[in-house]
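Some notes on the structure that comes next.
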Amino acid sequence: MTGDNGQISAELLFLFGTLIIVLMISIVFISDENELNIAMAAAHSGVIEGLATSSSGIYPADAYSDYSNSKMNVLEPYSVEIVNISYTELGGDNNYDKKQIQFKVYAKTSDRFNNKELTSIGDRINYNLRKSIAVSFNSINATNKLYNPVFSPHYVYTTANVKWV
């Protein structure tokens, strides 16, 4: 009977050891997913901020003078609807030794804008998307003034041109 007491302890140690290993492996996957969830939430926030600043005509002085000379419609309030925000993993980036993620925004608006004006609106949306991700990961100092690319601990983020549908 004395041998039975040691058997339960060995089984519990094996069970707890297995659970710890599974937990450690799961944490790696969960942390990467959490990082992507934070980036996606920041992207949504940045797109909304980009639309708000574009709609109210808040621009840097040099952009405002450019728009007032050639893109007057962009300075007037307008309505843009975001259809979708998605991301694609592009594989590893050898320059930064991180995985590369590219965000793409799908939007629609009235037909009164020409392609050049839509590009300007899309640039403002993408700029604020990237800026919001940089703020979320506290990596503002690790990127350039256009926040392109943006960094997080495991990823490098870029944006594709806004797709107007």
Q: Would you please list the contacts, defined by Cβ atoms under 9 Å and residues six or more apart or on different chains, that run from a residue in the range 8-33 that is of a type in the set (Gly, Ala, Ser) to a residue that is surrounded by 10 or more Cβ atoms within 10 Å (Cβ to Cβ)?
A: Ser31/Pro153; Ser31/His154
Q.
What are the pairs with Cβ atoms under 6 angstrom where one residue, in the range 139-150, is surrounded by 17 or more Cβ atoms within 10 Å (Cβ to Cβ) and the other, located anywhere, is modelled with pLDDT under 90? Sequence gap at least six, or different chains.
A. Val150/Thr143
**Q.** Of all residues making up the range 102-116, the number that are among the basic types (Lys, Arg) and either within 30 Å of Gly92 (Cβ to Cβ) or under 22 Å from the mean Cα position of the chain (by Cα) (or both)
**A.** 2
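Taking Ala61, is it surrounded by 11 or more Cβ atoms within 10 Å (Cβ to Cβ) and either at pLDDT below 90 or hydroxyl-bearing (Ser, Thr, Tyr) (or both)?
Spelling it out, it is not the case that Ala61 is surrounded by 11 or more Cβ atoms within 10 Å (Cβ to Cβ) and either at pLDDT below 90 or hydroxyl-bearing (Ser, Thr, Tyr) (or both).
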Q. Assuming Asp111 fulfils every condition listed in (1) acidic (Asp, Glu); (2) modelled with pLDDT under 75; (3) touching a strand residue (DSSP E or B) at 6+ places or on another chain (Cβ under 7 Å) apart from one, which condition is it?
A. (3)
Q. Quick check: is even one residue across the range 158-165 closer than 23 Å to Glu33 by Cα and either assigned to a helix (DSSP H, G or I) or without any contact (Cβ under 8 Å) to a residue 40 or more places away in the chain (or both)?
A. no
(Q) Cβ contacts < 7 Å: first residue surrounded by 15 or more Cβ atoms within 10 Å (Cβ to Cβ), restricted to the range 102-118; second residue in a loop (DSSP other than H, G, I, E, B) and at pLDDT below 85, any location; separation 6+ or different chain. Result? (A) Thr109/Tyr78; Thr109/Ser79; Glu117/Lys71
Q: Inspect the range 8-25 for any residue being modelled with pLDDT of 85 or more, in contact with a helix residue (DSSP H, G or I) (Cβ under 8 Å, 6 or more places away or on another chain) and either surrounded by 11 or more Cβ atoms within 10 Å (Cβ to Cβ) or assigned to a helix (DSSP H, G or I) (or both) and give the result as yes or no.
A: no
Q: Can you tell me which residue among Leu36, Leu51 is within 23 Å of Thr159 (Cα to Cα), within 19 Å of the chain's Cα centre (by Cα), modelled with pLDDT of 90 or more and surrounded by 11 or more Cβ atoms within 10 Å (Cβ to Cβ)?
A: Leu36
(Q) Looking at Asn138, Asn126 in this structure, which one is part of a loop (DSSP other than H, G, I, E, B), at pLDDT 90 or above and closer than 21 Å to Ala41 by Cα? (A) Asn138
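The values are calculated or read from the model by the stated rules, or taken from the named source; none is laboratory data. These numbers were taken from a predicted model, which means no experiment stands behind them. Glycine gets a Cβ as well: all are built from the backbone with ideal geometry, and neighbour counts include every protein chain shown.
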